[in-house]
Amino acid sequence: MADWKLDGTYASTSGEVRWAAFGDPGGEPLVLLHGTPFSSYVWRHVGRALAAAGHRVHVWDMPGYGASEKAPGQDVSLAAQGRVFTGLLEHWGLDEPLVVAHDFGGAVALRAHLLHGARYRALAVVDPVALAPWGSPFFRLVGANAAVFEQLPPALHRALAREYVTSASSPGLHPATLAALVEPWLGEAGQPAFYRQIAQADQRFTDEIQVRYGEIGIPVLVCWGADDSWIPVEKAHELAAAIPGARLRLIEGAGHLVQEDAPAELTAALLNFLHDHRKGRQ
């Protein structure tokens, strides 16, 4: 991850957040949200392409993830992340940015918008955690036994984390990419943080907003990897139908981690959507 540095800091209610902004300082502001168990690193290719297209791109690692603070007792729930994101937008001085959110980041962006008044010019969600039921058998097992999993020998934990992250990709991940995605979850702080964020993943945080998707009045794009084995593609159709006027774009050959499996196709879909909703085009 030597080529991906987050040099900004924000003191959030859930710990220090690391962030970065790049691209034309005068460009249309665009914010990227990652999911779990990932970090902003998954956006490195797509983010740079969006910046090259004229956007001012903002990325951040959620508290408990990536380069941001990881600490015992830390609240890294979806509820907390929604509040943190709302505060971060204020810290950045962004009133109505374009927002692109993956996986849990989709729920974070939706909660910030529906519950905390965060305003977006347009929102694209990529394989988001948004509709019940969700949570794999692995999630349920870890959630009920997080304290036990935290005590796994480091080598066993590394193998488990690698296998879990690998399963998010349909064609498979390059070894260097896999190592970079797993690295933040290793070591004295990373290993318990990995199980902490799973233990706090509670469906009630999406249940609170799922009933309000019909209230969303901004342009929305739903992107989905057609080969997603984590969240079935049927959920893409269900979500697009629940949000008034939402567009749906399925990306063939991609699993849950679309940014790694089909970055060019995802970038093209996002640019097409975002171009339609830049300032001065509405």
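Here, each number is a calculation from the coordinates, and none is a lab measurement. Because the structure is predicted, anything quoted here is derived from the model rather than measured. Cβ: placed from backbone, ideal geometry, glycine included. Neighbour counts: every protein chain shown.
Find, among the trypsin sites (Lys or Arg not before Pro) in region 107-140, those assigned to loop by DSSP (not H, G, I, E, B) with at most 15 other beta-carbon atoms within 10 angstrom. Provide the component values of the computation, followed by the final result.
Details: sites: ARG111, ARG119, ARG121, ARG140; in loops: ARG119, ARG121.
Counting only loop positions with at most 15 other Cβ atoms within 10 Å, the trypsin sites (Lys or Arg not before Pro) in region 107-140 are ARG119.
Distance between the 7 Å Cα→Cβ label points at ALA179 and ALA226: 3.4 nm. Taken one residue at a time, the phi angles of region 117-134 give Karplus couplings (6.51, -1.76, 1.60, θ = phi - 60°) of x, 5, 10, 10, 6, 7, 9, 10, 10, 10, 6, x, 7, 9, 10, 6, x, 9 Hz. Gly and Pro are set to x.
Indicate, rounded to the nearest 5 percent, the antiparallel portion of the DSSP beta bridges found entirely in the chain.
Working: 10 of 33 bridges.
About 30 percent, rounded to the nearest 5.
Net charge around GLY172, counting only other residues with Cβ within less than 10 Å of its Cβ (Lys, Arg = +1; Asp, Glu = -1)? Write out the running numbers ahead of the final one.
On the way: positive: none; negative: GLU260, ASP261.
That works out to -2.
With the simple spin-label model, which puts each label point 7 Å out from Cα in the Cβ direction, the VAL148 to GLU188 separation comes to 2.7 nm.
Which percent, to the nearest 5, of DSSP beta bridges fully inside region 1-127 are antiparallel?
Details: 10 of 24 bridges.
In region 1-127, approximately 40 percent of DSSP beta bridges are antiparallel ones.
Counting 0.36 nm for each residue step from ALA268 to LEU248 and taking away their Cα separation leaves a gain of 5.8 nm. The 3J(HN,Hα) values that the Karplus relation (6.51, -1.76, 1.60; θ = phi - 60°) gives for region 23-29 are, in residue order, x, 4, x, x, x, 4, x Hz. Gly and Pro appear as x.
What net charge is computed for the residues neighbouring ALA242, neighbours being all others with C-beta under 11 Å from the C-beta of ALA242, Lys and Arg scored +1, Asp and Glu -1? Here the charged neighbours net out to 0. Annotation: extensible slack from ALA132 through HIS237 equals 36.4 nm (criterion: 0.36 nm per residue apart, minus Cα-Cα distance). Summarising the amide proton neighbourhood of THR9: residues at separation of 5 or more, or on other chains, whose placed amide H is nearer than 5 Å comprise TRP19.
The slack in the chain from ASP24 to HIS91, taken as 0.36 nm per residue of separation less the alpha-carbon distance, amounts to 22.2 nm. For Cα extents along the principal axes in Å, the value computed from the atomic coordinates appears in the list (1) 55, 38, 35; (2) 116, 40, 35; (3) 77, 75, 31 under label (1). Here is the list for region 176-282: GluC sites (Glu not before Pro) lying in DSSP coil, each with at most 12 other C-beta atoms within 10 angstrom of its C-beta, are GLU252.
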